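This report refers to the structure that appears directly beneath it.
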Amino acid sequence: MAQVILFPSVLGVRQGVTDLAAALTGAGHTVQVVDLLDGQVFDDYEPAVARAREMGFPAQMAAALQASRQTEGPFVAVGFSNGAGLAQWVAAQRPDDARGVVMVGGGIPMRDLEATWPPGVPGQVHVSAGDPFHEEDRQFDPMVDEHLQDDVEHAGGAFTYVEYQGDGHLFNDPSLPAEYQPDEARILTRRVLELVDAVG
């Protein structure tokens, strides 16, 4: 069995996070949820993003890494949206322990984190085809996915990019009805379980 660290989006620990945690623990894995908001949950992105900017990404990175130390030894990092970058960062800072990184809603090139991908660690990106946030990332850097793929593969890891139908950003979260895509959510959960089972 494996250890998994979950990094929520700027909206906090919502049902999409807790549902995945329940699926993982139900399969026998150990799960730590890193809640940088201390229980605060947002329903809208605008105030959530404002809160994240107030905290600052460097401070979030430091806090995420410190919190991850509660999980000793090998782990798989799973991040949602903003949390995907935190998952990448923590894996990069703990290369001897990282066994896989899952990025839901898109990842970012490691150069933006001023870090390098951990050697031999697989990376998975899961996005919906019409995700407006991922489209913004592509407008800023049209090669964002290719740059991340290069990071992973040059470090000797396997890169998997899964694009789903629809336009939900946090598409596995039933508490966000405008984004939730139940069929895609089930596929995401299955793929995460497969990865965790494989490395665990």
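The values are calculated or read from the model by the stated rules, or taken from the named source; none is laboratory data. No experiment lies behind these values; they were computed from the predicted model shown. Cβ atoms come from the backbone with ideal geometry, glycine included; neighbour counts cover every protein chain shown. For the accessible areas, the whole protein counts, side chains as well, though only heavy atoms, and no ligand, DNA or RNA atoms are used. Shrake-Rupley method; radii C 1.70, N 1.55, O 1.52, S 1.80 Å.
Odds and ends about this structure:
- Of the listed requirements (1) in contact with a Leu (Cβ under 8 Å, 6 or more places away or on another chain); (2) surrounded by 18 or more Cβ atoms within 10 Å (Cβ to Cβ); (3) in contact (Cβ under 8 Å) with a residue 24 or more places away in the chain; (4) closer than 22 Å to residue 199 by Cα, residue 101 misses just one: (1).
- A count restricted to region 167-194 and to residues that are over 22 Å from residue 98 (Cβ atoms) and open to solvent by less than 40 Å² (accessible area, probe 1.4 Å) stands at 11.
- Unmet requirement for residue 47, which otherwise passes all of (1) assigned to a loop (DSSP other than H, G, I, E, B); (2) open to solvent by 40 Å² or more (accessible area, probe 1.4 Å); (3) of a type outside the set (Ser, Thr, Tyr): (1)
- Within region 152-168, residues that are within 10 Å of residue 118 (Cα to Cα) have Cβ atoms under 9 Å from residues that are of a type outside the set (Gly, Ala, Ser) and in a helix (DSSP H, G or I) in these pairs: 152/110; 155/110; 157/151, counting only partners at least 6 apart in sequence or on another chain.
- A residue that is among the β-branched types (Val, Ile, Thr), closer than 19 Å to residue 128 by Cβ and buried (at least 16 other Cβ atoms within 10 Å of the Cβ) occurs somewhere in region 61-83.
- Once region 1-30 is narrowed to residues that are open to solvent by less than 40 Å² (accessible area, probe 1.4 Å) and assigned to a strand (DSSP E or B), the residue that is farthest from residue 89 (Cα to Cα) is 12.
- Residues in region 31-73 that are more than 24 Å from residue 93 (Cα to Cα) and in contact (Cβ under 8 Å) with a residue 24 or more places away in the chain: 39, 40, 41, 42, 43, 45, 48, 49, 51.
- Complete set of residues in region 115-124 that are free of Cβ contacts under 8 Å to residues at least 40 places away in the same chain and touching a strand residue (DSSP E or B) at 6+ places or on another chain (Cβ under 6 Å): 118, 121, 123
- Only residues that are in contact (Cβ under 8 Å) with a residue 40 or more places away in the chain and farther than 20 Å from residue 43 by Cβ were counted in region 131-149, giving 1.
- Helices (runs of 4 or more DSSP H) within region 88-200 that include 2 or more residues among the basic types (Lys, Arg), closer than 22 Å to residue 15 by Cβ and modelled with pLDDT of 95 or more: 182-199
- Exactly one residue out of 57, 80, 75 is modelled with pLDDT under 95 and not β-branched (Val, Ile, Thr): that is 57.
- Among the residues listed as 131, 137, 112, the single one being surrounded by 22 or more Cβ atoms within 10 Å (Cβ to Cβ), among the acidic types (Asp, Glu) and over 24 Å from residue 72 (Cα atoms): 131
- All conditions but one from (1) touching a Pro at 6+ places or on another chain (Cβ under 8 Å); (2) over 17 Å from residue 77 (Cβ atoms); (3) not β-branched (Val, Ile, Thr) apply to residue 94; the one that does not is (2).
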